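Asks: The structure under discussion is supplied below as structure tokens; questions concerning it will follow.
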Amino acid sequence: MTGEEMHALVERLYPICRSITGDGVRRTLEIVGERLPLTVTEVPTGTEVLDWTVPKEWNIRDAYIKDATGRRVVDFRASNLHVVGYSVPVSGTYPLEELRPRLHTLPEQPALVPYRTSYYAETWGFCLSQDVLDGLADGPYEVLVDSTLEDGALTLAEHVVPGELADEVVISCHVCHPSLANDNLAGVAVAVALAGRIAAAGRPRHTYRFLFMPGTIGAITWLALNRDRLRRIAHGLTLACAGDPGPLTYKRSRRGDAPIDRAVTHVLRDRPHRVLDFSPYGYDERQFCSPGFDLPFGGLTRTPYAGYPEYHTSGDDPGFVTPDAMEDTLDALWQVTRVLEGDRTYLNLSPYGEPQLGRRGLYGSLGGRSDTRQGQLAMLWVLNLSDGEHSLLDVATRSGLPFALVEEAALALRDAGLLKEHA
Amino acid sequence: MTGEEMHALVERLYPICRSITGDGVRRTLEIVGERLPLTVTEVPTGTEVLDWTVPKEWNIRDAYIKDATGRRVVDFRASNLHVVGYSVPVSGTYPLEELRPRLHTLPEQPALVPYRTSYYAETWGFCLSQDVLDGLADGPYEVLVDSTLEDGALTLAEHVVPGELADEVVISCHVCHPSLANDNLAGVAVAVALAGRIAAAGRPRHTYRFLFMPGTIGAITWLALNRDRLRRIAHGLTLACAGDPGPLTYKRSRRGDAPIDRAVTHVLRDRPHRVLDFSPYGYDERQFCSPGFDLPFGGLTRTPYAGYPEYHTSGDDPGFVTPDAMEDTLDALWQVTRVLEGDRTYLNLSPYGEPQLGRRGLYGSLGGRSDTRQGQLAMLWVLNLSDGEHSLLDVATRSGLPFALVEEAALALRDAGLLKEHA
Amino acid sequence: MTGEEMHALVERLYPICRSITGDGVRRTLEIVGERLPLTVTEVPTGTEVLDWTVPKEWNIRDAYIKDATGRRVVDFRASNLHVVGYSVPVSGTYPLEELRPRLHTLPEQPALVPYRTSYYAETWGFCLSQDVLDGLADGPYEVLVDSTLEDGALTLAEHVVPGELADEVVISCHVCHPSLANDNLAGVAVAVALAGRIAAAGRPRHTYRFLFMPGTIGAITWLALNRDRLRRIAHGLTLACAGDPGPLTYKRSRRGDAPIDRAVTHVLRDRPHRVLDFSPYGYDERQFCSPGFDLPFGGLTRTPYAGYPEYHTSGDDPGFVTPDAMEDTLDALWQVTRVLEGDRTYLNLSPYGEPQLGRRGLYGSLGGRSDTRQGQLAMLWVLNLSDGEHSLLDVATRSGLPFALVEEAALALRDAGLLKEHA
């Protein structure tokens, strides 16, 4: 998928009213499923999952606040952000003063509509811009929330690219936000593109698992249902905010120096980027990295969680994310998978002195030249560090050479009989 | 005690002629004892203590150099700094030239009188300003040192605030300097205030032991007499130079990363401060951190040992120390004790995923807001790191949150049944 | 040897045509042998050494390119750099176009002649300046290389200064470069001077072994012949580029924190210098630090390998190296040997509190002065860290004091019965 195709997918998914449950998530997964076969799991309301319980399912058809003339001054049909997520049904007429505690605005960003939810406390409310609120007369106003909050299910979806190994690389995206583009339709679009690219490259070594789930409760539910399989997870990433114009940002796993941490920071080394230490806040790395699981999950974003003014507002629309940014995120992720796929530990079979590379056609035969060719340098580094203690990623990190070059050197040395893979 | 009260104590103690033995130390301890009950130990001259021997006791009544007119040109009554500490008795008449080798001045600070002692080589001498020396005629001069150097005792004092645990926090102040305010009457005054504040706060967890002893030989004597009890010392600090206007300075223990090191550096993090690595010079941390004992003692000062021009001169008078500086030192020490008292290691009893804080009333129920509340963040950090490997101080250090907030979060989580103290 | 004497040795060795084998190396070793008795080993062509085979021996008498008038436009007699090292014999007449692929120049340094070799692929060629090449007419040219490439031997030489211990310090210099002064006649001259200085100072503690060998194949051959003795090597250095005006540069051993690394970086601490991490490129540390051997060899140069424009060109002539620079390299190496000789681990026999230094005449008896004398400080550091875990070099490193002062303090403490050497 090109950046333009990813952007088109963001635009197509944008109008759907998603939440942590309900038909918006299902419709989103249907559209994703047009590109990737998904295994969808419906987990019934009331199921106990770790410390939590799967909540009632929420669906909504319409909602508005109408003024005396019948004009919708706040209209769900114009933007699903206008209703507080999980609002219970209501129908009635209220003066403005009575409505005020249920009206959420952003006084410091008066033109923008905030995003608000109330999953676990039954209530209702509306979100609107401060500018609109300031223009409202005293009322009365006719109010409708045509929603249902009933027993139903929570919807999870997975796409797997099977590999040679049972060891898994897991990429997790949250799909619970309504009309917010960077958070997280861009992440969904990049994940879809990455899955396609991996599959197109032939059978990978690792198995790749893509998770599309509601944030927090979705991750908790998936973890509860898959406890026996978690030991297979070799590397994991949560992917979010993948399309804004800021530089890539990596948040380390709780472990701090897991292979995924070293792989991502190696790939980001040559790009504008930031690296943050783990914190138990942000996206679903919070759940994957909870101390009982302590899985090797990092978080990849461009501008991180809550780090841009448009975050969780109507400003996070498809115009905020760019095809170029999504392509850059995709490319970095692709490079990370190349490192994970290629990283191996070799043993130098001729470790006493340097082996004579020239005799094997591995080395320029005309000595004395002062230009040190990078490929030869990569061979020397691989030979020197292949003592069973260092993987190719270690070699790339310590030498400062690109991983691909180090891998290429290792394969040439292996083919010449100078290396063997370390058990 | 307020800063003003601490300053008044410094002023009251200032005129007394202290040394490593003698009635000046006893009088000082009497005055301290008006505020804190002290256990005083007199250790006889000749007692062998570690590699040392308790010296003879020195007392002095008067000393002067009189010119031909009978005027005291150098007068012990004006300042006890004028006599080299431990000067043996002398009475005689000398020309200036003969006196010169016994006259100590500071040519580069010509208006100040230096502080000099000769504890272990029997001699006598006077200290005076270079300005006064320059004005002296050739003499002859009448010289008197009316001192005694005889078998007696070395005086140590302790004040203990008993706690729930036998584990001790030890604060040690030297009391052997005559009229020098910052070094170390300010330290004595702050220690007195701290002891009172701890006692007033109710029974502490740790036992707090305050030591008022002569430098070097006092610490060596106390260590020799208490070898069987040293294993109880969990944390220790030497306290000196506690009242000058410079920023707080912490000198790490020999271990470098003892809990006391982490507690003090955490408290200082949000104040102007300096942290120095251990060196075997300075105050009695030299003895506590000698390799045979290697106790976890750091050193707290404002401007450190020998770091200010007034150090060991008549410029270190009560005008050099300020009530504000002593209050700031006291407050930092108090915060350190709060960390030592509150630091515990907990186990998260719900370590798989995050527990649902909202259900327990521990979390705001209206999600989606971008302001991350510090208290919630503290709860998430405590839950994430409470795996038995991290104490609350580790949580505060890694999260960058204040210790008090982290402790408060932990107590709320414990009360909600989500944490238990780790054995 | 003074800097001038070292420089004279460089000038005397400069005209000789050295290579990895042949009479040029033998003549060089004869001249070195005038100052140092050398043990010379001739290893026959065809001997298998590690992964390599000793090559045929190469000797050359003359070589030129003559124009139609009989003038030598490229002349081996003017500079031995003009012939590609190991060129096979040739005699014939060629137009310029046919010669061009065999003519090596430096287009970006048009006045300089490059240094090129082809040890393991039989070929021939000439090196010349771009300026000369640009002035050549179309030809034809008469070409002669009067060389032999035949079974013979590879020549290694060693000089040993026997010490009290079998433990060895090895200094290795390559002697395979023809007329290049900094790389490596300066290294040879400094090594000769160092060996003389060590011997003149009396029997050392370590045994010192100086190796004069061709690069790469020489080191590989020496390692192959001495595998049983390698365990004796306690510390090693390759020495090259020892005479240019740049600052000293130390390249760490593969281990990174071997005692030699700490000794050299300590000595360099107070001089302009650079420290580089290990890389498997450069001089024969590549062989000594190959993973099978992993010997504690660092590399000492001034401007490092390939780091100066004159590197491997005719610009690296005796005018490029200076007596002062060689003296500075010699002095630093000498200081390194002083650290290696003096470094010991002691046990403080009075580890509880400070021992009373004054009683033993080790300490100024007049206390209270604010000037901390370095020697006393050194004694306190030695006492504090002499717990069996820290050597004197550790003490010097941690205290920031010069090694010589720390050693002097330790000897005084030992003589006073306060330290004993740790087994």
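The values are calculated or read from the model by the stated rules, or taken from the named source; none is laboratory data. Values in this document were obtained by computation on a predicted structure and should not be read as measured data. Heads up, the Cβs are rebuilt from the backbone with ideal geometry, glycines too, and the neighbour counts pull from every protein chain shown. To get the accessible areas, we keep the full protein, side chains included, count just its heavy atoms, and leave off ligands, DNA and RNA. Shrake-Rupley method; radii C 1.70, N 1.55, O 1.52, S 1.80 Å.
Asks: Is at least one residue of region A:213-221 under 16 Å from A:Val32 (Cβ atoms), within 11 Å of the chain's Cα centre (by Cα) and assigned to a loop (DSSP other than H, G, I, E, B)?
Replies: Pass one, region A:213-221, residues under 16 Å from A:Val32 (Cβ atoms): A:213-214, A:218.
From what's left, within 11 Å of the chain's Cα centre (by Cα): A:213.
Then drop every residue that is not assigned to a loop (DSSP other than H, G, I, E, B), which leaves none.
Within region A:213-221 (the criterion being under 16 Å from A:Val32 (Cβ atoms), within 11 Å of the chain's Cα centre (by Cα) and assigned to a loop (DSSP other than H, G, I, E, B)), the answer is no, since none of the residues qualifies.
Asks: Separate question: Looking at (1) open to solvent by 30 Å² or more (accessible area, probe 1.4 Å); (2) within 14 Å of another protein chain (Cβ to nearest Cβ), which is the only condition B:Pro247 fails?
Replies: B:Pro247 satisfies all of (1) open to solvent by 30 Å² or more (accessible area, probe 1.4 Å); (2) within 14 Å of another protein chain (Cβ to nearest Cβ) except (2).
Asks: Can you find, within region C:268-286, the residue that is nearest to the other protein chains (Cβ to nearest Cβ) among those that are open to solvent by less than 20 Å² (accessible area, probe 1.4 Å) and more than 21 Å from A:Ala396 (Cα to Cα)? It would help to see each step written out before you state the result.
Replies: Keep residues of region C:268-286 that are open to solvent by less than 20 Å² (accessible area, probe 1.4 Å), which gives C:268, C:278, C:280, C:282, C:284-285.
Of the ones still in play, those that are also more than 21 Å from A:Ala396 (Cα to Cα) are C:268, C:284.
Details: C:Leu268: 22, C:Asp284: 10 Å.
Looking at the filtered set, the residue picked out is C:Asp284.
Asks: Taking region C:287-312, which residues are surrounded by fewer than 17 Cβ atoms within 10 Å (Cβ to Cβ) and either aliphatic (A, V, I, L, M) or part of a helix (DSSP H, G or I) (or both)?
Replies: C:Ala306
Asks: Can you go through C:Gly92, C:Gly125 and tell me which one is in contact with a helix residue (DSSP H, G or I) (Cβ under 7 Å, 6 or more places away or on another chain) and over 30 Å from C:Ala195 (Cβ atoms)? Reasoning before the result, please.
Replies: Working: C:Gly92 fails: in contact with a helix residue (DSSP H, G or I) (Cβ under 7 Å, 6 or more places away or on another chain).
Sole residue among the options that is in contact with a helix residue (DSSP H, G or I) (Cβ under 7 Å, 6 or more places away or on another chain) and over 30 Å from C:Ala195 (Cβ atoms): C:Gly125.
Asks: Hey, could you check region A:223-269 for residues that are polar (S, T, N, Q) and within 19 Å of the chain's Cα centre (by Cα) and say which is farthest from A:Met6 (Cα to Cα)?
Replies: Initial filter on region A:223-269 (polar (S, T, N, Q)): A:226, A:238, A:249, A:253, A:265.
So of that shortlist, the ones also within 19 Å of the chain's Cα centre (by Cα) come out as A:238, A:249, A:253, A:265.
Working: A:Thr238: 18, A:Thr249: 20, A:Ser253: 27, A:Thr265: 25 Å.
Restricting to residues being polar (S, T, N, Q) and within 19 Å of the chain's Cα centre (by Cα), the top hit is A:Ser253.
Here is a yes/no grid of residues against (1) under 30 Å from B:Pro355 (Cβ atoms); (2) open to solvent by 30 Å² or more (accessible area, probe 1.4 Å):
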{"site": "A:Arg18", "(1), (2)": "yes, no"}
{"site": "A:Arg26", "(1), (2)": "yes, yes"}
{"site": "A:Leu36", "(1), (2)": "no, no"}
{"site": "A:Thr47", "(1), (2)": "yes, yes"}
{"site": "A:Ile65", "(1), (2)": "no, no"}
{"site": "A:Arg71", "(1), (2)": "no, yes"}
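Asks: Consider C:Leu239 carefully, then state whether it is more than 13 Å from chain A (Cβ to nearest Cβ), in contact (Cβ under 8 Å) with a residue 40 or more places away in the chain and crowded, with 24+ Cβ neighbours inside 10 Å. Full working, then the answer.
Replies: Details: more than 13 Å from chain A (Cβ to nearest Cβ): yes; in contact (Cβ under 8 Å) with a residue 40 or more places away in the chain: yes; crowded, with 24+ Cβ neighbours inside 10 Å: yes.
Yes; evaluated as a whole, the condition is true for this residue.
Asks: Somewhere in region B:118-131, is a residue open to solvent by 10 Å² or more (accessible area, probe 1.4 Å), farther than 30 Å from B:Val54 by Cβ, without any contact (Cβ under 8 Å) to a residue 12 or more places away in the chain and within 14 Å of chain C (Cβ to nearest Cβ)?
Replies: no
Asks: So B:Leu377 fits all but one of (1) closer than 30 Å to A:Pro309 by Cβ; (2) touching an Asp or Glu at 6+ places or on another chain (Cβ under 9 Å); what number is the exception?
Replies: It fails just one condition, (2).
Asks: Would you pick out the residues in region B:232-248 that are touching a helix residue (DSSP H, G or I) at 6+ places or on another chain (Cβ under 9 Å) and not in a loop (DSSP other than H, G, I, E, B)?
Replies: Across region B:232-248, the qualifying residues are B:Ile233, B:Ala234, B:His235, B:Gly236, B:Leu237, B:Thr238, B:Leu239, B:Leu248.
Asks: Next question, about the same structure. So C:Arg209 clears everything in (1) touching an Asp or Glu at 6+ places or on another chain (Cβ under 9 Å); (2) within 13 Å of another protein chain (Cβ to nearest Cβ); (3) not polar (S, T, N, Q) except one condition, right? Which one?
Replies: Among (1) touching an Asp or Glu at 6+ places or on another chain (Cβ under 9 Å); (2) within 13 Å of another protein chain (Cβ to nearest Cβ); (3) not polar (S, T, N, Q), C:Arg209 violates only (2).
Asks: What number of residues within region B:166-201 satisfy the criterion of being farther than 29 Å from B:Pro114 by Cα and either open to solvent by less than 10 Å² (accessible area, probe 1.4 Å) or modelled with pLDDT of 95 or more (or both)?
Replies: So the first thing to find is which residues in region B:166-201 are farther than 29 Å from B:Pro114 by Cα, and the list is B:166-170, B:193-201.
Filter again for either open to solvent by less than 10 Å² (accessible area, probe 1.4 Å) or modelled with pLDDT of 95 or more (or both), leaving B:167-170, B:193-201.
Going through region B:166-201 one residue at a time, the tally reaches 13.
Asks: Then there's this: Sort out which residues of region C:389-399 are at the interface with chain B (Cβ under 9 Å from one of its Cβ atoms) and open to solvent by less than 50 Å² (accessible area, probe 1.4 Å), and write them in order of number.
Replies: C:Ser399
Asks: Out of B:Pro101, B:Pro95, B:Pro114, I need the residue that is under 30 Å from the mean Cα position of the chain (by Cα) and modelled with pLDDT of 95 or more. Which one?
Replies: Details: B:Pro101 fails: under 30 Å from the mean Cα position of the chain (by Cα); B:Pro95 fails: under 30 Å from the mean Cα position of the chain (by Cα).
Unique residue meeting the criteria: B:Pro114.
Asks: Continuing with this model, one more query. Name every residue in region A:369-382 that is within 7 Å of another protein chain (Cβ to nearest Cβ) and modelled with pLDDT of 95 or more, in order of residue number.
Replies: Across region A:369-382, the qualifying residues are A:Leu380, A:Trp381.
Asks: For region A:82-104: of the residues being buried (at least 20 other Cβ atoms within 10 Å of the Cβ) and assigned to a loop (DSSP other than H, G, I, E, B), which is farthest from the other protein chains (Cβ to nearest Cβ)?
Replies: Ranking the qualifying residues of region A:82-104, first place goes to A:Ser87.
Asks: Hey, among the residues in region A:144-165 that are in a strand (DSSP E or B) and not hydrophobic (A, V, I, L, M, F, W, C), which one's surrounded by the fewest Cβ atoms within 10 Å (Cβ to Cβ)? Explain how you work it out, then say what you get.
Replies: Let us first name the residues in region A:144-165 that are in a strand (DSSP E or B), namely A:144-150, A:153-161.
With the extra rule that they be not hydrophobic (A, V, I, L, M, F, W, C), the set shrinks to A:146-148, A:150, A:155, A:158-159.
Values: A:Asp146: 15, A:Ser147: 23, A:Thr148: 14, A:Glu150: 10, A:Thr155: 25, A:Glu158: 19, A:His159: 22.
Taking the candidates together, the pick is A:Glu150.
Asks: Sort out which residues of region C:1-49 are among the polar types (S, T, N, Q) and out of contact with any strand residue (DSSP E or B) (no Cβ under 9 Å at 6 or more places or on another chain), and write them in order of number. Write out each step before concluding.
Replies: First, pick out the residues of region C:1-49 that are among the polar types (S, T, N, Q): C:2, C:19, C:21, C:28, C:39, C:41, C:45, C:47.
Within region C:1-49, just C:Thr2 meets the criteria.
Asks: Let me ask another. What number of residues in region A:309-353 are farther than 21 Å from A:Leu401 by Cα and within 14 Å of chain C (Cβ to nearest Cβ)?
Replies: 5
Asks: Say whether the condition of being open to solvent by 50 Å² or more (accessible area, probe 1.4 Å) and under 30 Å from the mean Cα position of the chain (by Cα) is met by at least one residue in region C:338-346. Please lay out each step first, then the result.
Replies: Let us first name the residues in region C:338-346 that are open to solvent by 50 Å² or more (accessible area, probe 1.4 Å), namely C:338, C:344.
Filter once more, so that each one left must be under 30 Å from the mean Cα position of the chain (by Cα): C:338, C:344.
Yes, region C:338-346 contains at least one residue that is open to solvent by 50 Å² or more (accessible area, probe 1.4 Å) and under 30 Å from the mean Cα position of the chain (by Cα).
Asks: Just one of B:Asp331, B:Asp261 is under 29 Å from B:Glu408 (Cα atoms), at pLDDT 95 or above and open to solvent by less than 30 Å² (accessible area, probe 1.4 Å); which is it?
Replies: Numbers: B:Asp331 fails: open to solvent by less than 30 Å² (accessible area, probe 1.4 Å).
The match here is B:Asp261.
Asks: While we're here: Going by what's in this entry, would C:Glu5 be described as open to solvent by 70 Å² or more (accessible area, probe 1.4 Å) and either on the phi < 0 side of the Ramachandran plot or modelled with pLDDT under 95 (or both)? Walk me through it before giving the result.
Replies: On the way: open to solvent by 70 Å² or more (accessible area, probe 1.4 Å): yes; either on the phi < 0 side of the Ramachandran plot or modelled with pLDDT under 95 (or both): yes.
For C:Glu5, the condition - open to solvent by 70 Å² or more (accessible area, probe 1.4 Å) and either on the phi < 0 side of the Ramachandran plot or modelled with pLDDT under 95 (or both) - is met.
Asks: All but one of (1) within 14 Å of chain C (Cβ to nearest Cβ); (2) in contact with a Phe, Trp or Tyr (Cβ under 8 Å, 6 or more places away or on another chain); (3) of a type in the set (Lys, Arg) hold for B:Arg18; which doesn't?
Replies: (2)
Asks: Please give the number of the condition A:Glu57 fails out of (1) out of contact with any Pro (no Cβ under 7 Å at 6 or more places or on another chain); (2) under 22 Å from A:Phe320 (Cα atoms); (3) surrounded by 14 or more Cβ atoms within 10 Å (Cβ to Cβ).
Replies: Checking A:Glu57 against (1) out of contact with any Pro (no Cβ under 7 Å at 6 or more places or on another chain); (2) under 22 Å from A:Phe320 (Cα atoms); (3) surrounded by 14 or more Cβ atoms within 10 Å (Cβ to Cβ), the one that fails is (2).
Asks: Looking at this structure, is C:Glu42 free of Cβ contacts under 8 Å to residues at least 60 places away in the same chain and assigned by TED's automatic domain parsing to the domain that holds C:Pro178? It would help to see each step written out before you state the result.
Replies: Values: free of Cβ contacts under 8 Å to residues at least 60 places away in the same chain: no; assigned by TED's automatic domain parsing to the domain that holds C:Pro178: yes.
Answer is no for this residue.
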